[in-house]
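Presented below is the structure to which this report refers.
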Amino acid sequence: MKLNELKDNPGARKERMRVGRGIGSGKGKTGGRGVKGQTSRTGVSINGFEGGQMPLHRRIPKRGFTNHMRKNYVVVNLGEIQKAIDAKKIDAAAVIDAAVLIAAGLLRRADDGVRLLAKGDFAAPNLKFLVAGASAPAMAAVENAGGTVEFLKPKAAPEAAA
């Protein structure tokens, strides 16, 4: 099979029904909207409307809480860092921080900081990490290999208007 011989399976792509194109088309006159009423008109917006009965989304009690001040840390595993060092994407002599991890392609963005986790094999010696947080096993693995983990100070919360 060649690229110019590729084609869809029969029936994989179906053309959309063009409504309002005459009685002979089978979808003419009312265009599949029935007769009169709110839903036959354009601009209808009745999602969740139950004919005047209290809608489900209003009669069920609200639960939970979303903390908008929560820190959103991006996690990176030691095993991924080891693979990047082996592939020469990370210079082992440099301090490993968010910018280095983004440049190596391990992260897309740093958000509120990077948190180091211990999943995977790690054996790179004498690495220095500068991160927002790390798990205890990750810190132990880095220190066993002769490296250090330093923590960045958290960003100050915005002050409330007086």
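Just so it is clear, none of the values below were taken in a lab; they were calculated from the coordinates. Computed from a predicted structure; not experimentally measured. Positions of Cβ are backbone-derived with ideal geometry, glycine not excepted, and every protein chain shown enters the neighbour counts.
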In the stretch 1-18, the residues that are at negative phi and either among the small types (Gly, Ala, Ser) or over 38 Å from the mean Cα position of the chain (by Cα) (or both): 12
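Restricting to the stretch 36-57, count the residues that are closer than 30 Å to residue 20 by Cβ, surrounded by fewer than 10 Cβ atoms within 10 Å (Cβ to Cβ) and among the hydrophobic types (A, V, I, L, M, F, W, C).
Taking the stretch 36-57 first, the residues closer than 30 Å to residue 20 by Cβ are 36-51.
Checking which are surrounded by fewer than 10 Cβ atoms within 10 Å (Cβ to Cβ) leaves us with 36-37, 39, 41-43, 45-48, 51.
This time we only want the ones that are among the hydrophobic types (A, V, I, L, M, F, W, C), so: 46.
Of the residues in that region, 1 qualify.
If I ask for residues that are touching a residue at least 40 places away in the same chain (Cβ under 8 Å) and either under 11 Å from residue 122 (Cα atoms) or among the polar types (S, T, N, Q) (or both), which ones from the stretch 132-146 would you list? Full working, then the answer.
Filtering the stretch 132-146 down to residues touching a residue at least 40 places away in the same chain (Cβ under 8 Å) leaves 132-133, 138, 141-142.
Once the filter is applied, which keeps residues that are touching a residue at least 40 places away in the same chain (Cβ under 8 Å) and either under 11 Å from residue 122 (Cα atoms) or among the polar types (S, T, N, Q) (or both), the stretch 132-146 yields 138, 141, 142.
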Could you tell me whether residue 92 is out of contact with any Ser or Thr (no Cβ under 9 Å at 6 or more places or on another chain), surrounded by 10 or more Cβ atoms within 10 Å (Cβ to Cβ) and touching a residue at least 24 places away in the same chain (Cβ under 8 Å)? yes
Every residue from the stretch 129-154 that is of a type in the set (Phe, Trp, Tyr) and either surrounded by 18 or more Cβ atoms within 10 Å (Cβ to Cβ) or within 13 Å of residue 76 (Cα to Cα) (or both): 129
